[in-house]
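What follows is one structure encoded as structure tokens, with my remarks underneath.
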Amino acid sequence: MKKKLTIVLALLILFILVILAFIGFFYYQTIDTNHKNITRLAQNRLEYASQRLLMGQRSIEDNAGTLLVDSDVRDLRTDEKPTDDYSYLLQLNRISAKLKERLINSSDMADISLYWPQKDILISTESSPNLKNEMKQAPPIKGWRNTNRGLYFLMSYTFGNTEEETIVAIKASDSLLLEAQEALASNSDEAALLLPDGQIWGGSRELQNLIQKNRSVFQKSISNSPFHIKQSLKYFMTLKVSDSQIQLISTLPTKQFDDTYTHNTLISLTAVLFVLGFGFILIFLYHRNVLAEISLLTTKLKLVEKGDYDTRIEHLHQNEFDYLFKQFNLMTSSIQRLFRTLVKEMQQRDLAEERQFQSQIQPHFLYNSLFYIVSVADQPQDVRKMTRHLAEYYRYLSKAKDRVCIQDEVEFARHYLSIQALRKDFQFQISLEDHVGQELILPLLIQPIIENAIEHGIEAKDGAHQINLSVKRENSGIHIIVSDDGPGMLLDDLETLYHFINQPHHQGGSIGLWNVNQRLKNAYGKEAGLHLKINDLGGLTIHFTINKESGGTYREMLDC
């Protein structure tokens, strides 16, 4: 026992070490995984916000390009009509309507302006007094420009003449910038957009002040890489949008890092303390409630191994071993009951075989059969029939088997009926359903019932001449029926006979039916016993059912 306890202690220490190693690995793995996930989430938000801005920029640039090649815009440059001409004014209205229509169809544009420097003509959806001067001063290049009124995209086109050109200016809508900022910030306000001129869009006031003071650091930062600023405990990630040079700024949630670190630390410390305390308690409980119980069970099993089936475990506790000990007691009881059942079955079988040999070898059966052979000596065919059936009959009786095929048992009954029919001149009919004959039953179950039908049916009534044997499948079992057209029985006599064959001990009378009934119930369950009834011919019908699910000693019915 001391050696076993030492092994248990060693295993427990190993268990504690494994748990501690697992906690440490889990702790560091969780911190690393959280860091990677938060960084990846910030990168995804930056990429998403950048794509949203790029989509808006491409839409604005495409609109600028299509406006410059519009026929009305192109024709206005070369039109020499006076400014008060009706067709000229109508052309200006068409261009103005086109600009408004484009604004309606796109939420990415706030205003559109067209300027022809050579004619000093401005058509715009924006009402700004300084717009024409700004358009005059705008360099003739394609690109984005940030002003105090917002972010503009400017594009010029010369139509092959370097002196006369058309300039288009499209202002990006605030909703475009707002959507990008909201996509970047998600459910937090810790995100902002840094425009090329230093203007900051979105974010809290604290974040805007921090970016303003460290603008050069943000502008020089590497895209999609976390970095830290001394004046803050936070980490940041940036991404610069091409063309417009807008810099997206996202704050990594360091508070979540701190909370995760603190939470995991508390869990680790609590787990270590719990495991240590649990380990010492486990040693005590394991020694008291496991080792001692296993030792008791082992001792009892060794007694059963030596053949002591009377042993029982009286020491029961309210734990898992309580069920195990009860099952052990139930097992030993079942073994004892099985032995008694087997002994009883062997005794009943021996009794049945002994009765068959004794009764059938008696002079009145064998002599009558021999006298019949003598009486029909001048009829070789009948002699051959009788001798063949007698030989097959006694050959079957000489076989010592626990179970036989139904078809062999039916064939044995056929030989017996053929012998008796040759002597007593009656008819019989045997019906065996297909695929039933290959299943197993106890031997010598059908012949005693047929013998009873001949003795108390055919011989007890003048004119009685019919015995029927039927074997068929019924639901999950096999139904065997023996009927005759004899005198039958009164209901009181029928009940008396049924009561007799169901007595636990034979008390005289028809030992054949009693023996068959007891063997059936013992082997296949109580529901498999004999049943008696008066048939339509006035005779007696005896039937029983062998069910695979009815229980008993032979629950499984295997094929031959």
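Kindly provide the set of residues from region 56-68 that are of a type outside the set (S, T, Y), under 13 Å from S244 (Cβ atoms) and in contact (Cβ under 8 Å) with a residue 12 or more places away in the chain, ordered by number.
From region 56-68, those of a type outside the set (S, T, Y) are 56-58, 60-65, 67-68; that's our starting set.
From what is left, the residues that are under 13 Å from S244 (Cβ atoms) are 56-58, 60-61.
Residues satisfying the conditions are G56, Q57, I60, E61.
Here I335 meets the list (1) modelled with pLDDT of 80 or more; (2) under 23 Å from N468 (Cα atoms); (3) not polar (S, T, N, Q) almost entirely, failing just condition (2).
T298 satisfies every condition listed in (1) surrounded by 15 or more Cβ atoms within 10 Å (Cβ to Cβ); (2) modelled with pLDDT of 75 or more except (1). Scanning region 190-222 for residues that are outside any helix (DSSP H, G or I) and either outside the structural domain of S250 (by the TED database) or touching a helix residue (DSSP H, G or I) at 6+ places or on another chain (Cβ under 8 Å) (or both) yields E190, A191, A192, L193, L194, G198, I200, W201, G202, G203.
If you check I419, I441, I467, which single one turns out to be within 23 Å of G538 (Cα to Cα) and β-branched (V, I, T)?
Values: I419 fails: within 23 Å of G538 (Cα to Cα); I441 fails: within 23 Å of G538 (Cα to Cα).
Selected residue: I467, the only one of I419, I441, I467 that is within 23 Å of G538 (Cα to Cα) and β-branched (V, I, T).
With respect to (1) touching a helix residue (DSSP H, G or I) at 6+ places or on another chain (Cβ under 9 Å); (2) more than 16 Å from T147 (Cβ to Cβ); (3) crowded, with 16+ Cβ neighbours inside 10 Å, the lone exception for L103 is condition (1). Reported count of residues in region 423-452, each being among the small types (G, A, S) and touching a Ser or Thr at 6+ places or on another chain (Cβ under 8 Å), is 1.
Considering only region 71-148, give the helices (runs of 4 or more DSSP H) lying wholly within it that have at least 1 residues that are among the hydroxyl-bearing types (S, T, Y) and at pLDDT 85 or above. Even if it seems obvious, please write down each step before you answer.
Details: elements: 71-78, 86-105, 131-137.
Of the helices (runs of 4 or more DSSP H) lying wholly inside region 71-148, those with at least 1 residues that are among the hydroxyl-bearing types (S, T, Y) and at pLDDT 85 or above span 86-105.
Go through region 294-339 and count every residue that is touching a residue at least 24 places away in the same chain (Cβ under 8 Å), within 26 Å of A523 (Cα to Cα) and either assigned to a loop (DSSP other than H, G, I, E, B) or in contact with a His (Cβ under 8 Å, 6 or more places away or on another chain) (or both). Residues flagged as touching a residue at least 24 places away in the same chain (Cβ under 8 Å), within 26 Å of A523 (Cα to Cα) and either assigned to a loop (DSSP other than H, G, I, E, B) or in contact with a His (Cβ under 8 Å, 6 or more places away or on another chain) (or both) within region 294-339 amount to 2.
Here is a yes/no grid of residues against (1) modelled with pLDDT of 75 or more; (2) touching a strand residue (DSSP E or B) at 6+ places or on another chain (Cβ under 9 Å); (3) farther than 21 Å from R52 by Cβ:
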| residue | (1), (2), (3) |
| --- | --- |
| Q245 | yes, yes, no |
| I249 | yes, yes, no |
| D258 | no, no, yes |
| T262 | no, no, yes |
| G277 | yes, no, yes |
| E293 | yes, no, yes |
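The values are calculated or read from the model by the stated rules, or taken from the named source; none is laboratory data. Keep in mind the model is a prediction, meaning the values are calculated, not measured. With ideal geometry, Cβ positions are generated from the backbone for all residues, glycine too; neighbour counts draw on all protein chains shown.
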